1. In whole Å, how far is the Cα centre of region 29-48 from that of region 66-120?
2. How many nm separate the modelled label positions at residue 67 and residue 88, each set 7 Å beyond the Cα in the direction of the Cβ?
3. Please give the FRET efficiency for residue 98 paired with residue 140, using the beta carbon to beta carbon distance and R0 = 22 Å, rounded to the nearest 0.05.
4. Between residue 132 and residue 27, what FRET efficiency follows from the Cβ-Cβ distance if R0 is 22 Å, with the result rounded to 0.05?
5. Grab the Cα-Cα distance for residue 152 and residue 112, subtract it from 0.36 nm times how many residues apart they are, and report the gain in nm with one decimal.
6. In square angstrom, what is the accessible area per residue of region 62-114 with a 1.4 angstrom probe?
7. What is the spread of the Cα atoms of region 20-156 along each of their three principal axes, largest first, in whole Å?
8. Would you mind getting me the FRET efficiency between residue 79 and residue 125? Use the beta-carbon distance for r and R0 = 35 Å, nearest 0.05.
Amino acid sequence: MKVWFVIVLAVFAAQAPAPQGPPAIVEGLVVRYGSSDAIAGATVELRKAAPPVPAGVNFIQLAPGTQLPPGVQLPPGTQIAPQPVSLTASTNAEGRFQIQNVPSGEYRIYTTRESGFVPGEYGQRSPTAEGLPFVVEAGQRYSGVRLSLAPVGSVS
């Protein structure tokens with residue numbers, strides 16, 4: 001009986017999520033592409049990077065806060081996709097932003113402005129290139145993150 005209890009306890013301990021640790025802070029500056037001119041009123045979004053999908057697995061997305069009804073089973077090879085994590089902040093008059101309470105993980109950082117600029121992403125080498133993921137460790141303060149927005153061009 002004692003051995004059975006130890007086995008059950010070990011199974012539950014193995015399934016317990018690892019502690020995340022204290023949240024991190026990500027802060028930085030949004031500037032005009034190719035210059036140091038700060039951009040006020042931009043939105044900065046930190047999105048949790050999607051984990052790689054294992055071969056043969058299909059994900060289904062549930063609406064936030066919903067669960068499968070009791071007794072409903074998923075087809076083999078189907079899993080419920082994790083809920084996306086998205087944290088946002090706006091830049092102040094000096095183009096600075098701060099996002100607090102960031103759980104550890106891998107993220108992508110995007111910036112947009114309602115009009116006049118092409119959206120930007122952290123780590124872009126050009127205004128149309130893809131950016132780089134950004135790893136956040138528990139309890140760290142990431143300052144000096146620099147994002148650029150390229151002005152929209154027009155011909156008249």
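The values are calculated or read from the model by the stated rules, or taken from the named source; none is laboratory data. Since the model is a prediction, treat every value here as computed from it, not as a measurement. Note: ideal-geometry Cβ built from the backbone for every residue, glycine included; neighbour counts use all protein chains shown. All accessible areas refer to the heavy atoms of the entire protein, side chains included, with ligands and DNA or RNA removed. Shrake-Rupley method; radii C 1.70, N 1.55, O 1.52, S 1.80 Å.
1. Here the two parts' Cα centres lie 18 Å apart.
2. 2.9 nm
3. Details: r = 14 Å, r/R0 = 0.62.
So the FRET efficiency works out to roughly 0.95.
4. 0.75
5. Stretched fully, the residue 152-residue 112 segment lengthens by 13.2 nm.
6. It amounts to 67 Å² per residue over region 62-114.
7. So the extents along the principal axes, rounded to whole Å, are 58, 43, 25.
8. Values: r = 35 Å, r/R0 = 0.99.
With a Förster radius of 35 Å, E is 0.50.
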